[in-house]
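Here the structure comes first, spelled out in structure tokens, and everything after it is commentary.
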Amino acid sequence: AGYFCGQWNNKEILHPYLVKLVSPLDHIQEHIDDILLRFSKSTIGVHLRKAFGGSIEKSTSFLDGSVDGYDKIFFCTDTPEFADYMKKRYGKKVVMFDQKNKNRSVQGMQEALVDFVLLSKCKKIVGTKDSSFSEMSWMLSSMDTEGVFI
């Protein structure tokens, strides 16, 4: 809706539409609920999309300056090596949904939806600049959630 009215990047306008549109099926919601049990009130979300210029260096540089203010880091990515790196660097602070299908299959899209919704539940979102996944997840998030795109 926002795209057609020229307001695709206006959170105030798109948020109510996204809240109505994003309604995961029960088996997908179960995954979301399970991972949310590992979140805290101060979980920062990080989405790193290599295909759109996301880099582990930019993300860790940003996180290193602010990670102490967050109990947990929810991390989602399209690059398994980045996930391994984040787990090694930040240890038990890292929360992830273990995707089996990083592809465009039905199962892969359902798993991506889990990440999308979980990212929107974070207190702050650090996303990949120019990634619609990062930006739309931020628009789905509560109105007071800060979005930083690097």
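The values are calculated or read from the model by the stated rules, or taken from the named source; none is laboratory data. Keep in mind that what you see is a predicted model, and the values were worked out from it rather than measured. Using ideal geometry, Cβ is built from the backbone for each residue, glycine included, and neighbour counts are taken over all protein chains shown. With ligands, DNA and RNA removed, areas are computed over all heavy atoms of the protein, side chains included. Shrake-Rupley method; radii C 1.70, N 1.55, O 1.52, S 1.80 Å.
The condition of being under 16 Å from Ile125 (Cβ atoms) and in contact with a Leu (Cβ under 9 Å, 6 or more places away or on another chain) does not hold for Val94.
This table checks each residue for (1) out of contact with any strand residue (DSSP E or B) (no Cβ under 7 Å at 6 or more places or on another chain); (2) crowded, with 16+ Cβ neighbours inside 10 Å.
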position: Ser42; (1), (2): yes, no
position: Leu48; (1), (2): no, yes
position: Asp78; (1), (2): yes, yes
position: Lys92; (1), (2): yes, no
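When the residues of the range 32-64 are narrowed to those that are of a type in the set (Ser, Thr, Tyr) and part of a helix (DSSP H, G or I), which ends up farthest from the chain's Cα centre (by Cα)? The residue in question is Ser61. Close Cβ contacts (under 7 Å, 6 or more residues apart or on different chains) running from residues in the range 56-83 that are at pLDDT 85 or above to residues that are of a type in the set (Asp, Glu) and part of a helix (DSSP H, G or I) comprise Cys76/Asp115. Of everything in the range 67-108, what is small (Gly, Ala, Ser) and more than 17 Å from the chain's Cα centre (by Cα)? Give them in sequence order. Gly69, Gly91, Ser105, listed by residue number.
Report, by residue number, each residue of the range 97-106 that is open to solvent by less than 40 Å² (accessible area, probe 1.4 Å) and either within 15 Å of Phe39 (Cα to Cα) or at pLDDT 85 or above (or both). Lay out the reasoning, then the answer.
Taking the range 97-106 first, the residues open to solvent by less than 40 Å² (accessible area, probe 1.4 Å) are 97, 99, 105.
Passing the criteria: Phe97, Ser105.
Which condition from (1) open to solvent by less than 30 Å² (accessible area, probe 1.4 Å); (2) farther than 21 Å from Ser23 by Cα; (3) out of contact with any Lys or Arg (no Cβ under 7 Å at 6 or more places or on another chain) is the one that Phe62 breaks? Failing condition for Phe62: (1). Would you call Glu146 buried (at least 19 other Cβ atoms within 10 Å of the Cβ) and either in contact with a strand residue (DSSP E or B) (Cβ under 9 Å, 6 or more places away or on another chain) or touching a residue at least 40 places away in the same chain (Cβ under 8 Å) (or both)? Judged against the criteria, Glu146 is not a match. No other residue among Leu113, Leu119, Leu140 is surrounded by fewer than 19 Cβ atoms within 10 Å (Cβ to Cβ) and in contact with a helix residue (DSSP H, G or I) (Cβ under 9 Å, 6 or more places away or on another chain) apart from Leu113.
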